[in-house]
Amino acid sequence: MKIFKFGGASVKDAESVKNVAKVLNSQGFEKCLLVVSAMGKTTNALEKVVEYYFKKEDYQNEVEKIKQSHLEITKGLFAENHKIFGEVALFFDDLEAFLRRNKSPNYNFVYDQVVSCGEMISSKILSEYLNDINFSNAWLDARDYIKTDDTYREGVVNWQETEKNISDLDQNQSYVTQGFIGSEANNFTVTLGREGSDYSAAIFAYCLNAEAMTIWKDVPGVMTGDPRKFENVTLLSNISYEEAIEMAYYGASVIHPKTLQPLKQKHIPFYVKSFVEPEKPGTKVGNSDVNQSEESYILKENQVLMNISTRDFSFIAEDHISQIFNLLAKHKIKVSMMQNSAISLALCLEDKFGKIDEVNQTLTQQFSTDVVKNVSLYTVRNANMDELSTFYADKKILLEQISKNTVQIVTQ
């Protein structure tokens, strides 16, 4: 089978959904499984619903806005008496019923039950539209197939159970399903982390021993830098799994970090292509004799720089580092870069859940700390060390780290 993943930008409105059909027409839709994200900025809008719900503000008005937006898209795709209108309305009825009846104070649990609705609705609309234009497919609820633990918002996949479920699919059919979501033992929804739809596609690809997996983006492929952030970037037409994993680790937004490991394990080629120009070759990630190692630029914004030192000027020892990292792991704060000296430890951190103040409060009971928020982490892969002066220009450097072929700087 082939696995295609379409992100939010590729299904943001009625014309975009129609364009998905054009892409499929050019690529072939036989024995294909489509993984679909929420439409446009729906995930952000649903996050606002959760925020208002816990603040006891008017979340119902936000739900109504999202509902009307989806109905407007649906009107551009179907006849007015089509059954899809009732199905879309039912998703929103279920969402509002959950929020009325919910008694759980667990923010992450509520978040997953609410935000996952975006993928459920977008996949149902796309599946129905494709069936209407004779792209025959079956709609799947990904939660029946991808099973996880109960780590809400960062679900850990139960690979044994998931592989058993997915391998039962008829590989002579085509399917449309959701990215980003699975379910735990009690069948409550668990999301796989932001941008987790790519990971979902890789899970299905792995379990189905897919021929290939393609992610359809609004860019030509994997570039040597985000064209919205860097000038004079070029397309990387062939890169190895290892290089792609390194780029994802450092924060390349076009690739989700978890996506590549299952594909590499089974040597499944992975393509990043443009849904605007589907005939273009894009980028191939996989085994090749012509893998590129071009100088590439990656930017991670909204980071936190934390400097930690001992109060008595004793060494930062292994027990200190263990204690600090256990605390970060407990609060799901990810380390993007670290550098330690005899008496201090500098960490560039990604604080997705807004826990840095709580962590800092705990650390200051034993250590001296200095926290700088809203910093940026620049990474240069395969760096040409002789020509980096222009890259450093006009940047206030707070921290720098250079390895064999990678340069990282934290700037304000």
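The values are calculated or read from the model by the stated rules, or taken from the named source; none is laboratory data. Every value quoted in this text rests on a predicted model; they were computed, and no experiment measured them. Here the Cβ is made from the backbone with ideal geometry for all residues, glycine too, and neighbour counts use every protein chain on show. Accessible surface areas use protein heavy atoms only, side chains included; no ligands, DNA or RNA. Shrake-Rupley method; radii C 1.70, N 1.55, O 1.52, S 1.80 Å.
For region 254-412, with every protein chain kept in place, what is the accessible area per residue (1.4 Å probe, Å²)?
Computed with neighbouring chains in place, this is 53 Å² per residue.
Which parts of region 254-276 would a label at S403 reach, counting a residue when its backbone N lies under 20 Å from a point 7 Å out along Cα-to-Cβ?
254-262, 264
After finding the eigenvalues of the alpha carbon gyration tensor for region 1-144, what semi-axes result from the square roots of 5 times each, listed largest first in whole Å? Kindly include the intermediate steps, with their values, before the conclusion.
On the way: eigenvalues 164, 51, 34 Å².
The three semi-axes for region 1-144 are 29, 16, 13 Å.
Quick one: which residues, 5 or more positions from K334 or on another chain, have an amide H under 5 Å from its amide H? H modelled 1.01 Å from N in the peptide plane, none for Pro or chain starts.
E350, K352
What is the set of long-range amide H partners of V219 at a cut-off below 5 Å, with H atoms built 1.01 Å from backbone N?
Close amide H contacts, sequence-distant or interchain: F275.
How large is ³J(HN,Hα) for each residue in region 299-312, as worked out from phi by the Karplus curve 6.51 cos²θ - 1.76 cosθ + 1.60 (θ = phi - 60°), to whole Hz, x for Gly and Pro?
Calculated HN-Hα couplings, in order: 10, 10, 9, 6, 9, 10, 9, 10, 9, 10, 9, 6, 6, 9 Hz.
Leaving out ligands, DNA and RNA but keeping every protein chain, what accessible area does M223 have, in Å² rounded to the nearest 10, with a 1.4 Å probe?
30 Å²
On the accessible surface of the chain, probed at 1.4 Å, how many percent belong to carbon and sulfur atoms?
45 percent
So what are the ³J(HN,Hα) numbers for region 346-361, from phi and the Karplus equation (6.51, -1.76, 1.60; θ = phi - 60°), rounded to whole Hz, Gly and Pro as x?
9, 10, 9, 10, 10, 10, 5, 10, x, 10, 5, 5, 5, 5, 4, 4
Report, by chain and number, residues whose modeled amide H sits under 5 Å from the one on W139, excluding near sequence neighbours (fewer than 5 apart, same chain).
V176
Charges only on Cβ, +1 for Lys and Arg, -1 for Asp and Glu: so what's the dipole of the chain about the Cα centre, in debye to the nearest 20?
Value, rounded to 20: 220 debye.
Could you tell me which of the pairs K217/K352; K103/K332; K229/K404; K258/K352; K18/K229 are separated by over 19 angstrom between their Cα atoms in the structure shown?
On the way: K217/K352 24 Å; K103/K332 24 Å; K229/K404 25 Å; K258/K352 17 Å; K18/K229 30 Å.
Result: K217/K352; K103/K332; K229/K404; K18/K229 exceed 19 Å.
So how do D141, D357 rank on accessible area, 1.4 Å probe, biggest first, that is with the largest at the start?
Details: D141 30, D357 95 Å².
In descending accessible area the options line up as D357, D141.
Using a 10 Å cut-off on Cβ atoms, rank the peptides 381-390, 292-301 from the highest mean neighbour count down.
My ranking of the peptides, most packed first, is 292-301, 381-390.
With an 8 Å cut-off on Cα pairs and a minimum separation of 6 or more residues, tell me the relative contact order of the chain in percent.
13 percent
Between (1) 20, 42, 30, 7, 1, 0; (2) 25, 55, 20, 1; (3) 26, 60, 14, 0, which matches P(r) over Cα pairs in 20 Å bins from 0, in percent calculated for the structure shown?
Structure-derived value, by its label: (2).
Rounded to the nearest 5, what is the percent of antiparallel bridges among the DSSP beta bridges in the chain?
Working: 43 of 67 bridges.
In the chain, DSSP labels about 65 percent of beta bridges as antiparallel.
From the phi of every residue in region 203-215, what ³J(HN,Hα) in whole Hz does the Karplus formula 6.51 cos²θ - 1.76 cosθ + 1.60 yield, where θ is phi - 60° and glycine or proline is x?
4, 5, 4, 4, 6, 9, 6, 5, 5, 6, 10, 10, 9
In Å, what Kirkwood hydrodynamic radius results for region 240-382 from the alpha-carbon pair distances?
By the Kirkwood definition, the hydrodynamic radius is 17.5 Å.
Rounded to the nearest 20 Debye, what is the dipole magnitude of region 285-403 about its Cα centre when Lys and Arg each give +1 and Asp and Glu each give -1 at the C-beta?
Once rounded to the nearest 20, the dipole reads 480 debye.
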